[in-house]
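Notes for the one structure printed next.
The values are calculated or read from the model by the stated rules, or taken from the named source; none is laboratory data. From a predicted model like this one, the values you see are computed outputs, not experimental measurements. Every residue, glycine as well, gets a Cβ built from its backbone with ideal geometry; the counts of neighbours run over all protein chains shown. When the accessible area is computed, the model is the full protein with side chains, heavy atoms only, and any ligands, DNA or RNA have been set aside. Shrake-Rupley method; radii C 1.70, N 1.55, O 1.52, S 1.80 Å.
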Amino acid sequence: METRKRSRQEWARRYAAFVVILFVIAFGTSLSIRANLGSSPISAPPYVLSLVPGMGLTMGQLTMLMHVFFITAQVALLRRDFERRQWLQIGVSLLFGFYTDLTMWLTSFMQVPFDLPPAIGLPLRLAELLLGGAVLAFGIALEVRCDSLMLAGEGFPLAIAKFSGRDFSRVKICTDTLLVAVGSVFMLVFFGRWDWAMVGPGTLISMFYVGMMVRVFSPHIAWLDALLIPGAHRQQAGAAPSPDYWGGHTVVTIARTYGSGGDAVGEEVARRLGWPCYDRQLIDITARQMGYAPEFVERSEQNISAARLWEMVAADSGIPRSMNPSKDDAIFVSQSRTIRSLAQKGECVIVGRLANWILRDDPHVVRAFVGSGAGEAARRVARQLGIGTDEAARKAARVNSGRAIHCRHYTGVRWASPAAYDLMVNTDRMGIEGAVATIIGAVERSRKAAADTGPAR
């Protein structure tokens, strides 16, 4: 995939930001522990051991030792493929251990005692757990956006995923589960009983809640790029193009429900405007760039099942997508770069592939959503594929569900949300011709507005 060489100034900014972000992650972890409902999965072994009577090491020191083990395992698995800059994980682990002890001290007064009446204590513990999880998720989202280093707790499952060829999210679930199991064994061995304050419902909640909150925060932290990337490099980094770089031309993006006729609308809009239309061509371009068969890209690009979504939610997305060996993420990253490149070259129509989101900050983009009722969609699919309407209705529902899940996973917003589009048209009411005319009218108004203001300089 396309890469960009970063300057020393940018690397310095990213490393400095990472030092601050690390504190946020440690603070969220400690705050969650203070809820007395169990630690997060990755903190379970060091937290349980730190409570053992006579233990001469703090939780932060035990966390350092665990991370050193993780780094050693990465080197053993990846060998020559272990990136040199990831040796900095050793320093990161030492700093994170220090932050862990510091934040555990800072939050000590927030420990929710067990002797409170359940009607008071339980809501307080749950509120503190959710607050701590949200802070932790915010830190992880910042870490991913920073895209410089990673905690050894994320590097370890990533190394396993690369070594085994497995998907990162699945490996992350397995390693988190293993860490909880190890923490539980330590608890039973050293304390002889189950203690819900060490490994409890908060541990399970954290496995899913943190991942969900990462996806809530991720779409709203693009502002961090202004701090991380010097102004001269932002365009090359894939940030929103400046108006003068864009050139003032109009681009149309069309999202569509399956069976609505959105593909036909896109093709006709492009034909009448004399622009190229990119729909299935994006599959061929992606396949060619990544060395995959077009059929594989077509099956994978917008086809995240509900079960797969739960795997992604359980994994907290603590690594940048550019580092993730997941084929789904790789396809999304590749298509995103292709869409930005095509949009910057000249006027065109782009159908599907979350182009409205990818180009959300770009000027002069008309974002349309084409939909229809379930009944008409089923009849249209049945005619096109030569199948019964019941089977067509099930297929349409399945495809639309996959597209909605795909959108939620990669953008954090609802697929059919009106806020994501400039106009929404219903082909049941307007027909294909009416939808085409409405979109072209919006294009003409957009071009007129651009002409009235003149090209940005």
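How large is the accessible surface per residue of segment 39-169, computed with a 1.4 Å probe and reported in Å² as a whole number?
Result: 47 Å² per residue.
For a straight C-alpha distance cut-off of 30 angstrom, the lysines reachable from Lys395 (same-chain residues fewer than eight places away being disregarded) are Lys327. Within the same chain, lysines fewer than 8 places from Lys448 are excluded, and of the rest, those with a Cα less than 25 Å from its Cα are Lys345.
With a 1.4 Å probe and all protein chains in place, put Met150, Met64 in order of accessible area, largest first. Display every interim value, and only then the final one.
Details: Met150 5, Met64 40 Å².
Order by accessible area, largest first: Met64, Met150.
The portion of the accessible surface of segment 102-188 made up by carbon and sulfur, rounded to a whole percent, is 77 (1.4 Å probe; DNA, RNA and ligands excluded).
In a simple Cβ point-charge model (Lys, Arg +1; Asp, Glu -1; nothing else charged), segment 70-200 has a dipole of about 480 debye relative to its Cα centre.
Backbone amide hydrogens, once placed in the peptide plane, bring Asn36 within less than 5 Å of Val112, excluding anything fewer than 5 places away on its chain.
Rolling a 1.4 Å probe over the protein chains gives Arg13 an accessible area of about 80 Å².
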